[in-house]
Structures are given as C-alpha cells and as structure tokens.
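The values are calculated or read from the model by the stated rules, or taken from the named source; none is laboratory data. Please read these numbers as outputs of a predicted model, since none were measured by experiment. Neighbour counts run over all protein chains shown; Cβ positions are idealised from the backbone, glycine included. The area values use the complete protein model at the heavy-atom level, side chains included, leaving out ligands, DNA and RNA. Shrake-Rupley method; radii C 1.70, N 1.55, O 1.52, S 1.80 Å.
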Amino acid sequence: MNTQEMNPAQPFFNLSARWQSGDKRQPACLSAGCIALFFLLLFAAGYFMNDTGLAVDFLNKKIAPSLHYPFGTDWLGRDMLVRTVKGLCRSLGIGLLAAFCSSIISIALGIMAATLGRKVDLVVSTLVNLVMATPHLVLLILISFACGGGATGVIIAVTVSHWPNLTRIIRAEILQLRESDFVLLSQRFGKTPVWIARHHMLPHVLPQFVIGLILMFPHAILHEAGLTFLGFGLAPHQPSIGILLAESMRHLSTGYWWLAILPGISLVFTVKLFDILGNNFRTILEPRTSQE
Amino acid sequence: MHHIIRFLVLFSLCCTPLLSGGSHALASSESKPPDTLVLAIGGEDKTGYDPTLGWGRYGSPMFQSTLLKFDADMKIVNDLATAYSLSKDGLVWTIDIRHDVKFSNNTPLTAEDVAFTFNTAAKSGGLVDLAHMAVAKALDRNRVQIALQENDSTFINRLITLGIVPKNFHGPDYPRKPIGSGPYMLEEWNEGQQMIVKANPYYYGAQPFFKRIVFLYTPEDTSFAAAKAGQVQMAAVPAMLAKQHVPGMTIHAVKSVDNRGLMFPTVPDTGKKTDKGYSIGNNVTADPAIRRAITIAIDRKALVQGVLEGYGRPAYGVCDGLPWDNPNNSFQDNDQAGAATLLQKAGWIDSDGDGIREKKGLKAEFTIIYPANRSERQYMALSVADTLKKIGIQANVEEKPDFDEIQKVMHKDVVVFGWGAHDPMELYQLYNTKFAGVEYNNVGYYSNPQVDENLEKAISARNLEEAIPFWQAAQVYVKEDAPWAWMVNLDHTYFVNDHLDIGKSQIEPHGHGWPITANIHEWKWKK
C-alpha cells in the first residue's frame, strides 16, 4: 500500500477540498448531503408537528388519503401522516441510539481483540461466533422479553445483537494495519505507539467505523420495527412504525389499504436512504477509494 | 410469535378463495346441511373442562348439565332438576332430579353425583364460589339436600352454573377427559388449536341437530379470514370487523353485560403497601369530585359509535339491564361544563395556566393502564384521556404487557377493566370493603359502610327477589361515590352462516364467544 495515500497533514474528511477536485466523489457528496437534509427535515417535522393530529376524532375516521389528510386517517380518526412521521422519528431515534451503542461495543471489542494479545482475541472471537451463530430474531426476542419490553428492551436487544459484524471488520483492519509496511517503518523510525495509532490507525479505522455505523442503522430500525410488530417492543398507543404496521394488519383484509401501505413504504424508503448514505460515505471516506 | 402465525394463517386463508376461483367455493354446497359444524368462537379453557374447577362459569358447560338454567329471557328454568325448594330459614335447599338421566358413558346420574359435585367444588379453594355452603348430601336416589352455613340469596346461581360430574369417574384426568350428561361429549382436543365434540347418544333432551362440532381456537383476525374464506359457519369477531361484508353470512350481535370501565383507587397514597409490596392509593383519584367529574365528562355514546362501531350500549353500572340493576344509575353524560363546575367547586383550579387543574400544589394527573393486547381497551383509554384534557385533567395512557404486570400497579393507577356476570355476587365482591385488595375484586379499596350494610342485607336475604331492593340500594351510594367510571357494554358480534339457525341468544356475560353456545343443542340448519 502506498503511504502517500494518507498524508497526515491533510484531514481525511476535508469535504470541501474534495468537492473542488471534481472527482467521483462529487455526486456522492451531493446525494449524501440531500439525504442528510431529508433526515434533518424529518426530525424537525416530527419535533415541531402539533400533537392534535394524534387526538381521537370519531367524526373523521377511516378517511382515504385526500388533500387534507395525505395519508388518510385511521379507525380512531387520527391523522396517519402525523402518526407516520412521529412513528418514523421514534423508530429512527431508537434505531440510531441502538446502532450507536452497538458500534461502541464493536470498536471497543475490535481494538481489544487486535491489540491485547491472543487470549483476548480468542475470547472476543468466541463471543462473535456465539452471537452470530444464534438466529438473530430469536436472540432479539429473547433479550427484549427478558428486559421487560418497551423502548429500553428494544434498544438493549438491538445493541447486544448487532455488534459482531463490525467487530470483525475492525479487528481485521487493525491486524492488517499492524503488519503493513508504513506502520512497521514508523516503528523503525522510533515513533511511539500513540503516534502510530493517531496518524496511521485512526484514519483507516474511523471510516470503517462510520460506515459500519451508518450501515447498521437500517438493520437496527428494521429489527426495532420487527420486534414491535411481533408485540415484544414498544407500547401500542405510541406511534412507531412497527406498531403502525401491526395495527394495520387487521385492516388489510377490510380494505383500508392506506393504513399499511403508506407507513410501510415510508419505512422502506427511509431504510433505503440509509443504505445509499452508507455507500456514499464509503466512497468519500475510505482511503482506498477516496482518491479514485 | 403469535403475530407471525396469525399472519401466515391469515395470508393462506386469504389466498385460498383466490386460488379456488372465487370466495363462493363453499356457498354452492351450503343448502345441504353439513355433517360437521365448524365454529371459530374461542372458548378454550386451559385448565380443562372440569366444572368443580370453574369450567362453565361464563356460558354453559356443554359437556355437563346443570340443575337449573337460564332460558333466552333470563328466566330460571329446570334442567336436571324437576323441583326445588328452600327451607323457611333459607338454609336448606332440597332438589329433586330427573330419573332418566345418564352420563355419556351410559351410567345413571343420581343424587349421589350431585352431592359429590357440590362437595368437591367447595373444596377447590375459591375456583367455584361455594363459601356459604356447609354440605350436600343425597337423601335418596333422586333427591339431594344442600345445607348452607348462612343465608346466601345468590346461591341459586350455583345451581345454574355448576355442571354435574359423575362420582365414580371423576379423577385427576377428568379435566382432559370430561364425562357428563350434557348434549355433547368430547371427542378430541388439541390444545391451543381445536376441539371436536360429538352428540352424546344418552342425552336426556332432544338429540341435537348437529352430530359433530369443531371448535377452532383461532385469534379474531384469523377467524374473520376463515369466515371470509367460507371455512367456518360461525366466527366471533371484534366489533371493528363487524361492519365488513362476508358473502353468505350475516352479523349476529348479541347484547351483553360484558362491560368496560375505569377502576379508580379510592384511597390516598399513604405509603401503605399490599402483602406483595405493591403500593396502594392515588392522591388524585382519592378525591370523589375527580371521579364524579370523570364519570359525567365521558361521552359514552361516542365511545360506542367510535370504538365499537355502534355494537354496544353506554354503561352506567356493572349490571345494566339485569334484574338487580338500579334503573336510576344512568345520568346525563358528555357534560364537560358540569364536570368543570364540579372540579372548580371542589378546589381544583388551573392556577398556573398550563391547562391542568391543581389543588394545593397537587396536579390533577394520573395514569390509565390498559393490557397491551386488548385493542378496544387501548382505544377507550386514549379517547377518554382526550376528553379529560378538555376538563383540565391530565391522563397519561400506559400499557402493560399482561395482567401480572397490571396487578403490580392496579391499586395505585386507574385501570381499564371489564366485568359482567349473570350473578349479583359480582356487585358484592366489587364494592365490598371485605374484598378490598382481594384478587381483582375491589382493587380500588372502595369502602362505604352504607354500601357494605346493604350488600350484606342483600346476600343474606332469603332469595333473589327479596335481595333485589338491597342490591339496588347499595348502588345508590355507589353512584354518588363513583369508585368506577363504567363506560360501555359490548355487543358480542358473530358472523353466522345464513343457513344456520341459532335460535334466540340470551344476554351474554363477560367473555366474547363461548356464551353463545348456551343453546347449542337447539341449533338447526335451515333451507
């Protein structure tokens, strides 16, 4: 690997500099920016949206999507647009928190495995294999149920079950870096381990971490929705995507299609956006592709 | 996992008619009576079908027969009994039973069996309410005598609900293999899935029209899908689905006393705890003004129309429309102005302008608990919370995954509960100081000496008729104190095949599904 790739003087996430260079990363930056803006708007909408849309209104129940109610209303006359936006925000918030906690575990275990010797490595690898070998959904239900359900249960369950993949990646990355030419050379030059970690390891590991984190979001959100749908997650009266989908199931057979289709599409859309965001970040941040 | 299974079954059922080319696949053969009736109305009792362990409390025991029964108009008529009398002091029941009754294994039913059933049930530790019974004994082959320890005007209800089991064939495996003298006998039972029953050839009444009946234990949505696919002749569905159209089937709505209400803790929180360590009392709902204001602020008609799709009626008491109900229980509701005045007078004033009233620094705020899997209770809680906001009371709605969790908070939080029985005993247990904190009875620790006095007079009356004035008098005080805000009585809704004649259904108790089988031996197939 070429050591010049990583010039320590230049911050690796200097987006504006890359923007001007007009390379392949330009469209990636653009779309990532748009997506970030979308999420910002979504959260702003969820935060500032008036709660009156959630109030029970028997006079206006089961209205199909119209100009006044773009997503229609449900069987209690609650505005489905408000419920969907609030639900998305809630699901996203919980997903984000869970993914964030999970990635912290990942990076801690990954670094420990790679640097603290063979015994620690063995323990961490066994743990990784153990969690990966257990069916995901079963593990999620088990943990969420044991933690008494609710938001806490979901966050803990998703946190505890999603770290192994990222741990493996980070461990492999560090192991590879330790044996790479430029690190060995730095050691010969008498650089301290801290200096090496700061200037050689971090620029390689951080992008992996950020991308891993972003790509973990969709998993976390989907699993949060799944758990809630199965009745092991969040409270039924507060909107969240899993609840909206579970509730609307009984209405699917009765013709109120908008109760399931629109929140469902919103969920798929959001998750896909995260996926695109993650891939764009990969293009932008990764040392191996950032110069293409 | 429930949802997955439900979804798969629902999905496959939805697909079936599509694949077979239209949902009328079964409609063509429907003019010919089916050999087997398939019903998706629930009613499984996990503990089994032993009346001495409580089977048959709600609705008929079906495998067994009872001494007396209610007819469709709620009149008490003979079933096994041919005559019954109560001694002057109200302590000894003497009952003559039919000579010609046989159990489904071709052994005769005698007074010995009746005495055995009552004595066994009394030992079952509260599963059957026979606390006032002393002993039952057979006087001769067809006459039984039941002695009471003290007067109990509700005792006749035990003669109506307790199915008679055979003395010589009653053992530990009886709940799984019941033998009785009812119109049907158990053929096969796959727990959690289905039960198949066949006609009892030794039944003393007219042989039932349907020789074989399958009961499917499916969740409501699955039952509805099965009805749509033409796979069942009857399905119990929630009111929400009752507005739907199912070809070849008509909705049959049965009035019930199955009610839903808000239970209020009526004592302040003084740090007292139950034996299990759960806190007792709520400072806000301990004020009768708050409870009274809530009862008159609730819009019951809107709840019936909105949550129950019109399949129900407003509830003002726990036993609306039953003989012991006080007709003066009803009042003008949806009166938010009146409720506000009431709160104002009692000193609940919004002094800091946040829309919620306070009194001496205490905010008019409490939590309404509902069980997470009961959607209609959730919607009622949400709807009531919105109404209460208008009169300056903040009600936070919260779910609990099951009743074990509800038990932990039910003495300190408001809970959406459901009751409703064909028995005034329920009044006695709900409002009596004696039952404060005993199981689910008087969980709000309601206590009023005048209520207690009338309840005692009612229960120790000689018979049901003499007790009624006392039952009604007790409810006068209850109405003033408002320990509960009763909201609605449900109508139980069933999709019934157009060819199935199920006669006239009686007003149903708590429990949607099984009670409709009370007259199952009279069901017919019509052209």
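Overall form of region B:84-147: oblate. Here a/c, set by the Cα gyration tensor axes a ≥ b ≥ c, is 1.5 or more, and a/b is not larger than b/c. Using alpha carbons only, the radius of gyration of region B:294-371 set against its Kirkwood radius gives Rg/Rh = 1.06. At a threshold of 30 Å², the residues of region A:223-238 that become less accessible to a 1.4 Å probe in the full protein assembly than in their chain on its own are A:Phe229, A:Leu230, A:Pro236, A:His237.
Shown in residue order for region A:36-49 are the 3J(HN,Hα) couplings computed by the Karplus curve 6.51 cos²θ - 1.76 cosθ + 1.60 at θ = phi - 60°: 4, 4, 4, 5, 4, 4, 4, 5, 4, 4, x, 6, 8, 4 Hz (x for Gly and Pro). Normalised by residue count, region B:298-340 yields a Cα convex hull volume of 76 Å³ per residue. A 1.4 Å probe run over region B:64-180, with the rest of the protein chains in place, finds 43 Å² accessible per residue.
Helix B:449-459 and the long axis of chain B differ in direction by around 10°, with both axes built from C-alpha atoms. Helix B:336-345 and the longest principal axis of the C-alpha atoms of chain B enclose an angle of approximately 50°. Rounded to the nearest Hz, the phi-derived 3J(HN,Hα) couplings of region B:106-120 under the Karplus curve 6.51 cos²θ - 1.76 cosθ + 1.60 (θ = phi - 60°) are 6, 10, x, 9, 10, 4, 4, 5, 5, 4, 4, 4, 5, 5, 5, where x marks glycine and proline. For the residue pairs B:Lys32/B:Lys524; B:Lys102/B:Lys198; B:Lys177/B:Lys524; B:Lys363/B:Lys412; B:Lys389/B:Lys479, alpha carbon separations beyond 19 Å are given by B:Lys177/B:Lys524; B:Lys389/B:Lys479. Residue separation of B:Ile356 and B:Lys243 scaled by 0.36 nm, minus their Cα-Cα distance, works out to 36.9 nm of gained length. Compared with the dominant principal axis of the Cα atoms in chain A, helix A:241-252 is inclined by about 40°.
Neighbours of B:Tyr477, meaning other residues whose beta-carbon lies under 12 angstrom from its beta-carbon, give a summed charge of -3 when Lys and Arg score +1 and Asp and Glu score -1. Applying 0.36 nm per residue to the separation of A:Arg198 and A:Asp275 and subtracting their alpha-carbon distance, the gain on full extension is 24.8 nm.
Every Cα-Cα pair of region B:177-329 was included, and the share exceeding 19 Å stands at 73 percent. FRET efficiency for the pair B:Thr107 and B:Thr47, taken as 1/(1 + (r/R0)^6) with r the Cβ-Cβ distance and R0 = 22 Å, rounds to 0.35.
Out of every Cα-Cα pair that region B:159-228 contains, those further apart than 20 angstrom amount to 44 percent.
As a calculated quantity, the FRET efficiency between A:Lys119 and A:Phe145 at R0 = 41 Å, using C-beta atoms, amounts to about 0.75. Its alpha carbons give the protein assembly as shown an Rg and a Dmax of 32.8, 112 Å.
Its Cα gyration tensor gives region A:15-137 an equivalent ellipsoid, and the semi-axes of that ellipsoid, as √(5λ) in whole Å with the largest first, are 42, 26, 11.
Residues of region A:246-261 whose accessible area (probe 1.4 Å, heavy atoms of protein chains only) drops by at least 30 Å² once all protein chains are present, relative to their chain alone: A:Met249, A:Arg250, A:Ser253, A:Thr254.
When the alpha carbon coordinates of chain A are projected onto the principal axes, the ranges are 78, 48, 27 Å, largest first. Distant-in-sequence amide contacts of B:Leu80, defined by a placed amide H-H separation under 5 Å and a gap of 5 or more residues or a different chain, comprise B:Thr66, B:Leu67, B:Leu68. The alpha-carbon positions of region B:102-249 define a convex hull whose volume is 163 Å³ per residue. A run of chain B free of exposed loop cleavage sites, with GluC sites (Glu not before Pro) counted only in DSSP states other than H, G, I, E and B and at most 14 other beta carbons within 10 Å, reaches its longest extent at B:192-438. Atom-type composition of the exposed protein surface of the protein assembly as shown places 59 percent of the accessible area on carbon and sulfur (1.4 angstrom probe).
Taken across both chains, chains A and B shield about 2300 Å² of accessible surface from a 1.4 Å probe. Computed over region A:58-104, the P(r) curve from all C-alpha pair distances, binned at 5 Å from the origin, holds 6, 22, 19, 14, 11, 9, 8, 6, 4, 0 percent per bin. Solvent-accessible surface of region B:257-490, averaged per residue with a 1.4 angstrom probe and all protein chains in place: 38 square angstrom. The residues of region A:48-205 expose, per residue, 51 Å² of accessible area to a 1.4 Å probe.
For region B:377-527, the alpha carbon positions stretch 56, 44, 30 Å along the principal axes, listed from largest to smallest. Apply the Debye scattering formula to chain B, with a single equal point scatterer on each alpha-carbon and no solvent, then give log10 I(q)/I(0) at q = 0.07, 0.08 Å⁻¹. Results for chain B at q = 0.07, 0.08 Å⁻¹ read -0.43, -0.56.
Computed over region B:64-180, the P(r) tail beyond 18 angstrom holds 48 percent of alpha carbon pairs.
Shape verdict for region A:104-262, please, from the Cα gyration tensor: rounded (a/c under 1.5), prolate (a/b greater than b/c) or oblate. It comes out prolate by the Cα gyration axes. Taking amide H positions as modeled 1.01 Å from N, with prolines and chain starts lacking one, the residues under 5 Å from B:Lys102 and 5 or more places away or on another chain are B:Leu109, B:Tyr204. Its alpha carbons give region B:286-426 an Rg and a Dmax of 15.9, 48 Å. Mean residue ellipticity, 222 nm, helices only, chain A: the sum of -39500 (n - 2.57) across DSSP H runs of n ≥ 4, divided by residue count and rounded to 500, is -23000 deg cm²/dmol. Relative to the compact-globule estimate of 2.2 N^0.38 Å, the Cα radius of gyration of region A:126-181 comes out at 1.45.
Calculated over region B:52-101, the projected area of the Cα convex hull averaged across directions stands at 4.7 nm².
Rolling a 1.4 Å probe over the protein chains gives B:Leu382 an accessible area of about 30 Å². Of the residues in region B:233-258, those shielded by at least 40 Å² of accessible area once partner protein chains are present, compared with the chain alone at a 1.4 Å probe, are B:Met240, B:Gln244. Within chain B, antiparallel bridges make up roughly 80 percent of the DSSP beta bridges whose residues both belong there. The string of couplings for region A:84-99 from the Karplus curve (6.51, -1.76, 1.60, θ = phi - 60°) is 5, 5, 4, x, 4, 4, 5, 4, 4, x, 5, x, 4, 4, 5, 5 Hz, one whole number per residue in order, with x for Gly and Pro. A cut-off of 5 Å between modelled amide H atoms, ignoring neighbours fewer than 5 places along the same chain, links B:Val397 with B:Ile368.
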